[in-house]
Amino acid sequence: MSNNNIAVIGGGFCGMMTAVYLLQSGLPLNIIIINDGYPFGRGVAYNAHTNKYLLNVRAINMSAFEDERYHFLDWLQLQPSYAHIPKNILVNVYAPRTMYGDYLQHVWQQAVKNKHPLTNINIIEQKAVNIKENAESLCIHLANNKIIDADNVVLATGNTVPGNIIQNKSFLQSDKYFTNPWTKECVSNVRHLKNILIVGNGLTMIDTVQGLTENGFKGKIYTISPNGFKLIPHKYNLLVYEKIVEELPEEYNLREVFLLVRRHIKSLTDVGIGAHLVIDALRPYTQQIWQSLSFDEKKYFVKRLSHAWTILRHRIPVHIYEMIQELRMQGRMITIAGKIISAIEEPNAVTVNYADNKLQKEETISVERIINCTGPETDLHRCANELLKNLAAAGIIKPDALHLGIDADAITGAVINSYGKKNEHIYTTGGNLKGILWENTAVPDIRVHVKRLALHLSAKLKEKAVC
Ligand SMILES: Cc1cc2nc3c(=O)[nH]c(=O)nc-3n(C[C@H](O)[C@H](O)[C@H](O)COP(=O)(O)OP(=O)(O)OC[C@H]3O[C@@H](n4cnc5c(N)ncnc54)[C@H](O)[C@@H]3O)c2cc1C
């Protein structure tokens, strides 16, 4: 076996782009991509089942390559449905996510075309369920009982389905409960239904509402989450606020950064401009700030401030926001700030008891479907990804201190085992690094880490080749 066998587990944006950078390294490599669940190169996000689901990031910020800012924009302008839109407008477009998936296919084809003639690529459509380490290599066990050997493995496993939200375990098997909100099934066959409950009030809830209405659902949509509906629309996209950056301290502590952010938010909101510009200005510094906070500060942030951060960070296009407000005004969408207490299946419906935070009392609704839109489960011990669970059980990986993902080196993504030792053969990237980098979810962030990881791997292999 050569020393250049690299297995990438997961074929979404992160897995595919890791492979793209490896292909660009100019090295003769054996790249094995093991992907299951969603089509290669699209992953959960860009495999949308309708072109109504839009990117939540402007086109200008969606280049797959950090250092080629216009890469996606240039491609978009060549697409017949966008060719007539001038570039200064196109930068602000929220394109369909399916179209972004097409763009990623294009990126992949180009990378394969230019690969080293001795490089082999093998895409295996299987689930990886375990990795066993021996003296010579890493043995990846697949669900079909086959074993793949590799010298280096990248865990690009991405978004896991949302965690359990209902106490009553037997209800989880109900055909009225949809635990994976990214499947077409959860918004299909809905014309005859009267009431649907969506758990979660974030971006996946927005997709789901659109999916339901597109499929002819005419009834009432309830949404529930502890803070209720707080999403805001994208606005003032062309404004760039840099003043806060000039005032960032040399060393960060949470209190100081918080007071600074609050002061700048106040000065912008006082003149009628949105607070989100302050958060946008901090985006390039977020990972740096996060890493310099103490454990207690991070814990405090997650508990007390992350909700406000998320609202300002994850916004929705104006026209989608208006569509949601319209549904609310018509009484077709009821947003609840509260928590589910129980869900009891009846023959034709589910009786849901919940604590209403606003009314300070228990309430009951009857719905025919519950869709879990609470976001990817990040806790390794609770997530549904068998591979990650097995690796954690064997101590090969461990949760970061806050249980937001995998503990790893912030620069390279090399995972840290249960004894605290860095593994220079197993790496991770993407959302798995949430606890380490905080913001490593959307393309503007994940493309940076993926590149860093791939460059680290290729430098390591080059060094080996010289020795
Ligand atoms: C619904 C949704 C919409 C989003 N929209 C945007 C957006 O508009 N803009 C933006 O910048 N970001 C968006 N994001 C963030 C998104 O997570 C990233 O942009 C990016 O798609 C993440 O890619 P990934 O490769 O890390 O994960 P994923 O896309 O989740 O891909 C991981 C892949 O690995 C597979 N896999 C996992 N475990 C195994 C295993 N053991 N064996 C084999 N295969 C495995 C999965 O099935 C999947 O195919 C969105 C996220 C979601 C969930």
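The values are calculated or read from the model by the stated rules, or taken from the named source; none is laboratory data. Only a predicted model underlies this, so the values are computations on that prediction, with no experimental measurement involved. Every residue, glycine as well, gets a Cβ built from its backbone with ideal geometry; the counts of neighbours run over all protein chains shown. Surface accessibility is based on the protein's heavy atoms, side chains included, excluding ligands, DNA and RNA. Shrake-Rupley method; radii C 1.70, N 1.55, O 1.52, S 1.80 Å.
Do we have any residue at all in segment 130-146 that's away from the ligand (no atom under 11 Å from the Cβ), surrounded by 16 or more Cβ atoms within 10 Å (Cβ to Cβ) and either without any contact (Cβ under 8 Å) to a residue 12 or more places away in the chain or part of a loop (DSSP other than H, G, I, E, B) (or both)? Taking every residue of segment 130-146 in turn, at least one turns out to be away from the ligand (no atom under 11 Å from the Cβ), surrounded by 16 or more Cβ atoms within 10 Å (Cβ to Cβ) and either without any contact (Cβ under 8 Å) to a residue 12 or more places away in the chain or part of a loop (DSSP other than H, G, I, E, B) (or both). Kindly evaluate Ser267 against the criterion of being under 23 Å from Leu203 (Cβ atoms), without any contact (Cβ under 8 Å) to a residue 60 or more places away in the chain and outside the structural domain of Asn227 (by TED's automatic domain parsing). When the stated conditions are applied, Ser267 does not pass them.
Trp309 meets each of the listed conditions (1) in contact (Cβ under 8 Å) with a residue 12 or more places away in the chain; (2) within 27 Å of Thr183 (Cα to Cα) apart from (2). If you filter segment 417-456 down to residues that are of a type in the set (Gly, Ala, Ser) and touching a Gly at 6+ places or on another chain (Cβ under 7 Å), you find that the one that is nearest to the ligand (Cβ to nearest atom) is Gly430.
Tell me, yes or no, whether segment 364-373 has at least one residue that is outside the structural domain of Ser342 (by TED's automatic domain parsing) and without any contact (Cβ under 8 Å) to a residue 60 or more places away in the chain. No. Looking only at residues in segment 117-129 that are over 18 Å from Pro39 (Cβ atoms) and open to solvent by 50 Å² or more (accessible area, probe 1.4 Å), the one that is nearest to the ligand (Cβ to nearest atom) is Asn120.
Among the residues of segment 190-208, are any of a type in the set (D, E, K, R), within 15 Å of the ligand (Cβ to nearest atom) and either outside the structural domain of Gln360 (by TED's automatic domain parsing) or open to solvent by 10 Å² or more (accessible area, probe 1.4 Å) (or both)? Yes, there is a match, as at least one residue in segment 190-208 is of a type in the set (D, E, K, R), within 15 Å of the ligand (Cβ to nearest atom) and either outside the structural domain of Gln360 (by TED's automatic domain parsing) or open to solvent by 10 Å² or more (accessible area, probe 1.4 Å) (or both). If the condition is being part of a helix (DSSP H, G or I) and without any contact (Cβ under 8 Å) to a residue 12 or more places away in the chain, then segment 243-254 contributes only Glu246. For segment 291-322, a residue qualifies if it is open to solvent by 40 Å² or more (accessible area, probe 1.4 Å) and either within 23 Å of Glu368 (Cβ to Cβ) or in contact with a Phe, Trp or Tyr (Cβ under 6 Å, 6 or more places away or on another chain) (or both), and exactly one does: Ser292.
Run down Ala45, Ala83 and say which single residue is under 21 Å from Gly430 (Cβ atoms) and either outside the structural domain of Gly216 (by TED's automatic domain parsing) or near the ligand (Cβ under 9 Å from one of its atoms) (or both).
Ala45
Let me confirm something: among Pro28, Pro39, which residue is in contact with a Ser or Thr (Cβ under 8 Å, 6 or more places away or on another chain), in a loop (DSSP other than H, G, I, E, B) and either of a type outside the set (Asp, Glu) or within 6 Å of the ligand (Cβ to nearest atom) (or both)? One residue alone meets the criteria, Pro28.
Quick check, is Tyr103 of a type in the set (Phe, Trp, Tyr), modelled with pLDDT of 95 or more and more than 21 Å from the chain's Cα centre (by Cα)?
On the way: of a type in the set (Phe, Trp, Tyr): yes; modelled with pLDDT of 95 or more: yes; more than 21 Å from the chain's Cα centre (by Cα): no.
Judged against the criteria, Tyr103 is not a match.
Consider Gln109 carefully, then state whether it is polar (S, T, N, Q) and without any contact (Cβ under 8 Å) to a residue 60 or more places away in the chain. Yes, satisfied.
Sub-7 Å Cβ pairs linking a first residue in segment 434-455 that is at positive phi to a second residue that is of a type in the set (S, T, N, Q) and surrounded by fewer than 20 Cβ atoms within 10 Å (Cβ to Cβ), at least 6 apart or interchain, are Trp438/Thr286; Trp438/Gln287, ordered by first then second residue.
Condition check for Phe171 on (1) over 24 Å from Lys299 (Cβ atoms); (2) open to solvent by 50 Å² or more (accessible area, probe 1.4 Å); (3) modelled with pLDDT under 95: one failure, at (2). Taking segment 209-233 as the range and being over 23 Å from Gly338 (Cα atoms), crowded, with 20+ Cβ neighbours inside 10 Å and within 16 Å of the ligand (Cβ to nearest atom) as the test, only Gly211 passes.
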